[in-house]
1. If I build a Gaussian network model for the chain, linking alpha-carbon pairs within less than 10 angstrom, which residue out of ALA63, ALA193, ALA40 has the largest mean-square fluctuation?
2. On the protein heavy atoms, probe 1.4 angstrom, tell me the percent of accessible surface of segment 121-272 carried by carbon and sulfur.
3. Do you know the relative contact order of segment 93-216, to the nearest whole percent, from alpha carbon pairs under 8 angstrom that are 6+ apart?
4. Which residues' amide hydrogens lie under 5 Å from the amide hydrogen of GLY250, considering only partners 5 or more residues apart or on another chain, with H built in the peptide plane?
5. Looking only at Cα atoms, what is the convex hull volume of segment 70-146 per residue, in Å³?
6. Report which label in (1) 0.97; (2) 0.93; (3) 1.05 holds the value of Rg/Rh (Cα atoms, Kirkwood Rh) derived from the coordinates of this structure.
7. Could you sort the peptides 11-21, 52-62 by per-residue average Cβ neighbour count (10 Å cutoff), highest mean leading?
8. With every protein chain left in place, what is the accessible area per residue of the chain in square angstrom, probe 1.4 Å?
Amino acid sequence: MASWPTIHPGELDREVPVSVCWSPLVRCNLACPHCLDDKAVPELARKDRQRIAALLGESGVLAVDISGGEPLLLRDLGELAATLTSSGCVVSVTTNGWHLQRRAEALAGQVDAVRVSLDGPDAESHDRWRGSGSFRRAVAGARAAVAHAIPTQLQTVLMTSAQGTAQRMVDLAEELGVHGVTFLQMLPIGEGAALADAELLTDEQARAIVADLDIPDAVTVRLRTRDDAGGFTVIRADGRVWRNDSVAEGITTLHSLTNLSDLALTGRDGSA
């Protein structure tokens, strides 16, 4: 399968997205200045989260990434994942890794993959964005996820100030034994909009950085450009369908997710 070509979701003839990001909470134990989430969005009650999980499972969406906020703060995370996987969805969790070490064993029976967010290959570079101790906790969490045979990858946001650490991120992925690294072009959405002037790289610059990497055989590297992310669908904690604009430099709320038709594509599908 690894030799098969990659097809952008926007090139497929589908009525609903291939994948969505679901952020069922805005709460987080960290305060990252490049966070995409809108902290002003209210969180729904537990029963409403279960309703949305059931709707997503029935929708024909192939993959759901549960994000946040910090999803490992949710006591009902396992229930939500079970609802989705029982309907045939592939479920991943994107986490800052702070609580991953203690929850990895349970997650091994609940989710299909874990994505650990890292903003640098060492404590100095990572903790300046996410706070003291966050690198140590994230790395310990990634090691625990690998030890429990959960497919695990590192996710790092490409920014002007961090572009020189890309090779070391790949080297760290090999050291930790994770499956790969996804480099995400920074989106000027949410709190990250305030950093756009100083930290935004062009997609061409991002491609050049990734093309210059020395990638070990055991590590898969992927770049998600802003162009790729245009049109991507997000379900936020308020239970509403949000969608990136065509160039992923803004996000618009469409309507509440109350029935399957609310997920219908309104343009080209975007990539996670």
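The values are calculated or read from the model by the stated rules, or taken from the named source; none is laboratory data. If you're wondering where the values come from, they're calculated on a predicted model, not measured in any experiment. Quick reminder, even Gly has a Cβ in these numbers, built from the backbone with ideal geometry, and neighbours come from all protein chains shown. Protein only, heavy atoms only, side chains kept; ligands, DNA and RNA dropped before computing areas. Shrake-Rupley method; radii C 1.70, N 1.55, O 1.52, S 1.80 Å.
1. Ranking ALA63, ALA193, ALA40 by mean-square fluctuation puts ALA40 first.
2. Carbon-and-sulfur percentage of accessible area, whole number: 50.
3. Here the relative contact order equals 24 percent.
4. Distant-sequence amide H within range of GLY250: ASP245.
5. Measuring per residue, one finds 80 Å³ for the Cα hull of segment 70-146.
6. So the calculated entry is the one marked (2).
7. Result, highest mean first: 52-62, 11-21.
8. Accessible area per residue, the chain: 44 Å².
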